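See below for the structure under consideration.
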Amino acid sequence: MSGITHRQVEANGLSVHIAEQGEGPLVLLCHGFPESWYSWRHQLPALAAAGYHAVAMDMRGYGSTTQPQEIASYSISHLIGDVVGMVAALGEQSAVVVGHDWGAPVAWWSALMRPDLFSAVACMSVPYLPPIGALPEGTTMNDLMRIKANGLDYYRLYFQEPALADTELDADPTRGMLGMLYTISGDIVHDGVHPQGWDGHFPLGQRFIDQLVLPQTLPAWLTQADVDYYVGEISRSGFFGGVSWYRNINSIPAILAPFVGSTIRRPSFYIGGDLDVIAGNTPDSIAAMKAALPDLRHCELLPGAGHWIQQERAAEVNEALLAFLGSLDA
């Protein structure tokens, strides 16, 4: 893509692939599952044109970034460490951190832990969740998710089974990648396939990959070249790294326990789609986020949009994000 350059950067013990464009204050972009830097292809040039140094990482386990083989190497501590390490590796003293999907909690909690380093935080599709502290002895995050699933399977639980989700997705990366992009987009609602959207629950005993729907025609926001790039990247890296983020969910409460009672006081931003039901984008979560963040400057759900908000509605997301960034100097 014109104007976007690529390089490998050593950060937090990894070789991290970054795509970057522009000069100015650092804006660090963190993608989620099962994506790559490419999810920010519409934001990089917009940020650069507005006077920012926009950097999109291939996150740990993805693309051309190192893919550790130990599941424990994908804990939230490691993921936050990668973001912190990238700021230092780029020679900067501060950054605005931006996250989508799994990249959102990484960005939120990076800003919570390091307000000295992150001057602001902007997240998409996953609202801020304050640390809840260590759970009662014998209780795990998985237990809470099973209760909520009410007898169904749930993708976050399914992904934690050894060599299950990653094996089936690796066997058919096109269905895995394109199926994810379509199944939790706004288009699956508009097309009448999932009238309420898909929330990630499905009958016990079924395979995750079989829940994914392939579109008859590609959505307007997704080209065949986009699909080919995504599939090529995930075929090269495999799904193990991305799935392993989920395999560390149970460790999150204890890691965040020291920050119970704290909040993000730096300027913050949230945008999502009102048809996105996969990752906690609920009215209750939005209300809790508003109550928790004292400087939440933008909070919006775009009508008709699904989970892939910065791709489905790139122009609107760019406009809102740039307005937020502009407010930081006001």
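Starting from residues that are crowded, with 18+ Cβ neighbours inside 10 Å and touching a strand residue (DSSP E or B) at 6+ places or on another chain (Cβ under 6 Å), keep the ones in the range 270-295 and report whichever is modelled with the lowest pLDDT. Within the range 270-295, the match that is modelled with the lowest pLDDT is ASN281. When the range 51-72 is filtered for residues that are among the hydroxyl-bearing types (Ser, Thr, Tyr) and more than 14 Å from ALA89 (Cβ to Cβ), the ones remaining, listed by number, are TYR52, TYR62, SER64.
Entry remark, the range 155-193: residues being assigned to a helix (DSSP H, G or I), surrounded by 15 or more Cβ atoms within 10 Å (Cβ to Cβ) and small (Gly, Ala, Ser) number 3 in total.
Here is a yes/no grid of residues against (1) β-branched (Val, Ile, Thr); (2) in contact with a strand residue (DSSP E or B) (Cβ under 7 Å, 6 or more places away or on another chain); (3) under 20 Å from VAL87 (Cβ atoms):
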{"residue": "GLY24", "(1), (2), (3)": "no, yes, yes"}
{"residue": "GLU35", "(1), (2), (3)": "no, no, no"}
{"residue": "HIS42", "(1), (2), (3)": "no, no, no"}
{"residue": "ALA48", "(1), (2), (3)": "no, yes, yes"}
{"residue": "GLY51", "(1), (2), (3)": "no, no, yes"}
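Criterion applied to PRO294, PRO253, PRO215, PRO258 was being closer than 25 Å to ARG41 by Cα and either out of contact with any His (no Cβ under 7 Å at 6 or more places or on another chain) or not in a loop (DSSP other than H, G, I, E, B) (or both), and the one residue passing it is PRO215. Taken together, the residues in the range 187-232 that are of a type in the set (S, T, N, Q) and within 23 Å of ASP170 (Cβ to Cβ) amount to 3. Test LEU152 against the criterion of being at pLDDT 95 or above and surrounded by fewer than 17 Cβ atoms within 10 Å (Cβ to Cβ), and give yes or no. Yes. Reported count of residues in the range 109-154, each being in a loop (DSSP other than H, G, I, E, B) and free of Cβ contacts under 8 Å to residues at least 60 places away in the same chain, is 10. Name the one entry in VAL106, VAL189 that is touching a residue at least 12 places away in the same chain (Cβ under 8 Å), in contact with an Asp or Glu (Cβ under 9 Å, 6 or more places away or on another chain) and not basic (Lys, Arg). Testing whether each residue is touching a residue at least 12 places away in the same chain (Cβ under 8 Å), in contact with an Asp or Glu (Cβ under 9 Å, 6 or more places away or on another chain) and not basic (Lys, Arg) leaves just VAL106. Selection of the range 219-242 for residues being out of contact with any Ser or Thr (no Cβ under 7 Å at 6 or more places or on another chain) and not in a helix (DSSP H, G or I) yields ALA220, TRP221, LEU222, THR223, GLY238, PHE239.
The values are calculated or read from the model by the stated rules, or taken from the named source; none is laboratory data. Because the structure is predicted, anything quoted here is derived from the model rather than measured. Because the Cβ atoms are built from the backbone with ideal geometry, glycine has one as well, and the counts that use them run over all protein chains shown.
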